[in-house]
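The values are calculated or read from the model by the stated rules, or taken from the named source; none is laboratory data. As the structure is a prediction and not an experimental result, all values here were calculated from the model. Reconstructed Cβ throughout: ideal geometry from the backbone, glycine too, with neighbour counts over all protein chains shown. Surface areas here come from the heavy atoms of the whole protein model, side chains and all, with no ligands, DNA or RNA. Shrake-Rupley method; radii C 1.70, N 1.55, O 1.52, S 1.80 Å.
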Amino acid sequence: MFDKFPLARYGVNLYAAFAVLFGASTLVGSWWLTAPLLALFAFTLFFFRDPARRHNSAPNQVISPADGTVVHVGQAEHADMPGGQAMLVSIFMSLFNVHVNRAPIDGEIVSSRHVDGGYAMANLDQARHANERQEVLIDIGDGKRLLVTQVAGMVARRIECELSPGQIVQKGVRYGMIRFGSRLDVYLPLDARPTVQRGQKVRAGITVIGEL
């Protein structure tokens, strides 16, 4: 199914639930219920769309893990990064962006940690510290590491992440999703050069956001 139709497998339970409810309401002739169910089903299919992506970036280039708008570029602190310092690129995903997340770089997963937190608006800077999130640390070789964080928001309450410690990941592969609308933070090594700026639109698996 997912090879023929560009839909994310993370929404399969919702597809099935709406299909059953829509079918049941049609059979009993409840058109007052069928119409809104059809609208919700259509939105679900739109939200979970998963178009094919192919990058042509160089090995030292980091690609965006998410579709959205860059809301922050600059130096930041994080205890998991060497020396506690990093170059941060933050990407906000609106409700209308593709929400499938992709690995920003080749490497080995060092850790994948869920952190409990609140649900402030994901485009606020405080969200990266205060909100619920999934932090994935990647060993990218030469003693360097990269951290990518899926951050929940006001509406987004479900973080999907398939990565686990010891796993080898390839740049551009799908690894997770956040429902519904949120933020991805990418902590690059401090000496990395960001190639995007605040306000820029980026695409997961395609746009180069930094160079190592």
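Some points to look at:
- Annotation: of all residues in segment 109-136 being touching a Gly at 6+ places or on another chain (Cβ under 6 Å) and modelled with pLDDT of 85 or more, the one that is least open to solvent (accessible area, probe 1.4 Å) is ASN131.
- Qualifying residue in segment 188-196 (condition: of a type in the set (Asp, Glu), assigned to a loop (DSSP other than H, G, I, E, B) and farther than 15 Å from ARG102 by Cα): yes
- Checking segment 142-152 against the condition returns no match, with no residue being among the acidic types (Asp, Glu) and either touching a residue at least 12 places away in the same chain (Cβ under 8 Å) or under 16 Å from PRO65 (Cβ atoms) (or both).
- Boolean, VAL151 is over 11 Å from the mean Cα position of the chain (by Cα), surrounded by 18 or more Cβ atoms within 10 Å (Cβ to Cβ) and among the β-branched types (Val, Ile, Thr): no
- Restricting segment 62-90 to residues that are in a loop (DSSP other than H, G, I, E, B) and of a type in the set (D, E, K, R), the residue that is most open to solvent (accessible area, probe 1.4 Å) is ASP80.
- Residue ID - least open to solvent (accessible area, probe 1.4 Å), chosen from residues in segment 156-165 that are touching a Ser or Thr at 6+ places or on another chain (Cβ under 8 Å) and in a loop (DSSP other than H, G, I, E, B): ALA156
- Any hit, segment 166-173, residues being outside any loop (DSSP other than H, G, I, E, B) and open to solvent by less than 20 Å² (accessible area, probe 1.4 Å): yes
- Count of residues meeting criterion [surrounded by 21 or more Cβ atoms within 10 Å (Cβ to Cβ) and at positive phi] in segment 183-209: 1
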